[in-house]
Every structure is written in structure tokens, then in C-alpha cells.
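Asker: Right, I'll just put the structure down here and ask away after.
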Amino acid sequence: MARTNGEILRDLRKKNDLTMKELGDRLKVGVSFINDMEKGRKKIPEYILERIISILGATTKDIQELKNNIIEEDLPEVLKKENKNISFIDITDKIKVYKHKVYTLDTNSDGRIDMSKYQEEVFMLEADVKKGSLIVKIVGKGLEPYFLEGDKLLFEAEELVDWRLLNKRLVAFRYKGNYMVRKLKFINKIPHLIALDSEVYDDIVIEENDKNIHYIGELTSQLERNLKDIIFE
């Protein structure tokens with residue numbers, strides 16, 4: 001008999017010898033929330049699911065069961081009734097599980113990323129992540145209100161067509177060997193890469209046929225947001 005997501009969560013927690021409180025501390029949720037998820041009273045949110053897979057070391061079998069359960073839960077009732085023996089293989093194949101390096105983007109810096117420091121995290125995505133893409137986790141408040149501290153952003157690798165198509169976009173690039181993220185903006189028809197803390201750091205002006213700047217990609221997706229820390233005044 002197939003396990004529910006709550007049963008999978010309970011099995012993984014016990015396998016890791018964790019109490020509900022210890023797991024709650026790691027996932028940044030309360031004990032009652034863990035209890036409700038394990039007993040099926042609450043669905044497991046997607047951002048929590050990604051952490052469970054990463055923190056508790058879910059096996060391939062666990063992940064496949066979790067994916068099947070999520071898709072089955074979201075099917076309309078009429079579809080569930082009419083297709084009691086439905087196979088979810090074709091649908092679940094559209095959801096990819098990736099283990100990807102996540103780097104830190106300090107919004108109070110010049111946008112430089114330390115590529116020697118990263119954490120490997122698991123993401124469940126519907127599309128392939130192109131080779132050479134960059135995922136960063138935001139530190140600081142320099143991108144508010146658009147993005148919050150802790151948000152994870154995907155800069156998908158692509159070829160540069162024309163800087164003008166990227167005006168007022170957040171872009172990732174290599175500059176003199178350093179990986180960086182900055183805002184691109186045209187000033188007097190000349191492209192500038194503007195630091196997130198523009199009051200402290202100078203712009204990088206993109207010259208024609210500039211060999212020092214190698215474009216990686218523009219911001220395409222926000223992968224995860226922790227809503228627990230948002231406070232409404």
C-alpha cells in the first residue's frame with residue numbers, strides 16, 4: 001500500500017532519529033505543524049517539501065512517492081473517480097528533481113559571488129536547468145521590495161543577443177574572472193552594470209566588444225521563498 005506524504009515524512013524523521021521539535025527547528029516550523037503534516041491534516045507546502053528532501057536525505061523511492069502524491073492530490077475529483085487505475089508516470093516525468101549548488105549574493109556588496117562557498121540543495125522543477133546556470137540565495141535587503149532576504153534566484157544560462165534587450169534587468173556575468181550579479185541599465189545609450197549598493201560601488205561600463213565581460217544569463221525564476229518570516233504591520 002502506497003504511503004501518504006505524512007507517512008513518508010514520519011518515516012524519514014524517525015530514520016534520522018529526530019523528534020518533531022528537532023525537525024521543526026531545522027525546517028523553521030512549529031511542532032504542531034509537523035504533527036499536522038504527519039497525520040495528513042495539512043498538506044506539505046512545496047518549499048517545505050524541498051527542505052525535507054534535502055535535510056532528511058530522501059531516497060529516489062521516497063521522492064517518487066512524494067511526487068506521485070502531490071500530483072494525485074491536485075487532480076480534480078471527477079478525474080480521480082473516472083480513472084481509479086490512472087498511471088502518473090507521464091505526468092511525474094515532467095517534474096525534474098535537481099541537486100544544485102546555491103551561492104550567496106550579498107546585496108550590500110558590489111555583486112561579486114564567492115564561487116568557493118556554496119550549499120548543495122534539492123529543487124523540484126518542471127523544466128531542465130541549463131548547464132552553466134547560476135542559483136543564488138539573497139543576503140541583505142538591497143533588492144527589496146522585489147525580492148526578500150533568503151529568496152533563491154535562478155539565472156538561466158543563455159547566449160547574449162543584444163544588451164539592449166536586457167535593459168533594467170538583473171543579470172549574471174563574469175568580469176575579469178569574478179562571477180557577479182548586477183542591474184543592467186542604459187545611461188546616455190551606453191549599457192552600465194550597476195551594483196546593488198550603487199552608493200558605494202562604481203558602475204561597470206560595457207564598452208563595445210568588451211572582452212572582460214562574459215554574459216551568463218538574466219534572472220528567470222524565483223525558486224523558493226520562506227513566508228514564515230514575513231511580518232505585516
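The values are calculated or read from the model by the stated rules, or taken from the named source; none is laboratory data. The model shown is predicted, which means the values in this text are computed figures rather than measured ones. Positions of Cβ are backbone-derived with ideal geometry, glycine not excepted, and every protein chain shown enters the neighbour counts. Note: accessible area is taken over every heavy atom of the protein model, side chains too, but ligands, DNA and RNA are not part of it. Shrake-Rupley method; radii C 1.70, N 1.55, O 1.52, S 1.80 Å.
Asker: Which of the residues that make up the stretch 3-20 are over 13 Å from G40 (Cβ atoms) and not basic (K, R)?
Answerer: D11, L12, N16, D17, L18, T19, M20
Asker: Scan the stretch 185-225 residue by residue and report those that are in contact with a helix residue (DSSP H, G or I) (Cβ under 8 Å, 6 or more places away or on another chain) and free of Cβ contacts under 8 Å to residues at least 24 places away in the same chain.
Answerer: Once the filter is applied, which keeps residues that are in contact with a helix residue (DSSP H, G or I) (Cβ under 8 Å, 6 or more places away or on another chain) and free of Cβ contacts under 8 Å to residues at least 24 places away in the same chain, the stretch 185-225 yields only F186.
Asker: Which count do you get for residues in the stretch 187-199 that are modelled with pLDDT under 90 and open to solvent by 60 Å² or more (accessible area, probe 1.4 Å)?
Answerer: So the answer is 2.
Listed here are the residues, each with its yes/no results for (1) modelled with pLDDT of 90 or more; (2) closer than 19 Å to Q222 by Cβ.
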site: L105; (1), (2): yes, yes
site: G111; (1), (2): yes, yes
site: K131; (1), (2): no, no
site: Y146; (1), (2): no, yes
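Asker: Look at the stretch 101-121 and say how many of its residues are in a strand (DSSP E or B), open to solvent by 20 Å² or more (accessible area, probe 1.4 Å) and under 30 Å from Q64 (Cβ atoms).
Answerer: 5
Asker: So which pairs qualify, if the first residue must be in the stretch 14-39 and over 18 Å from E50 (Cα atoms), the second must be assigned to a helix (DSSP H, G or I) and among the β-branched types (V, I, T), the Cβ gap must be under 9 Å, and the two must be at least 6 apart or on different chains?
Answerer: T19/V31; K21/V31; K21/I34
Asker: Scanning for something over 20 Å from Y103 (Cα atoms), in a strand (DSSP E or B) and open to solvent by 80 Å² or more (accessible area, probe 1.4 Å), does the stretch 149-164 turn up at least one residue?
Answerer: no
Asker: Counting only residues that are open to solvent by 100 Å² or more (accessible area, probe 1.4 Å) and modelled with pLDDT under 65, which one in the stretch 79-100 is nearest to L193 (Cα to Cα)?
Answerer: Of everything passing the filter in the stretch 79-100, K94 is nearest to L193 (Cα to Cα).
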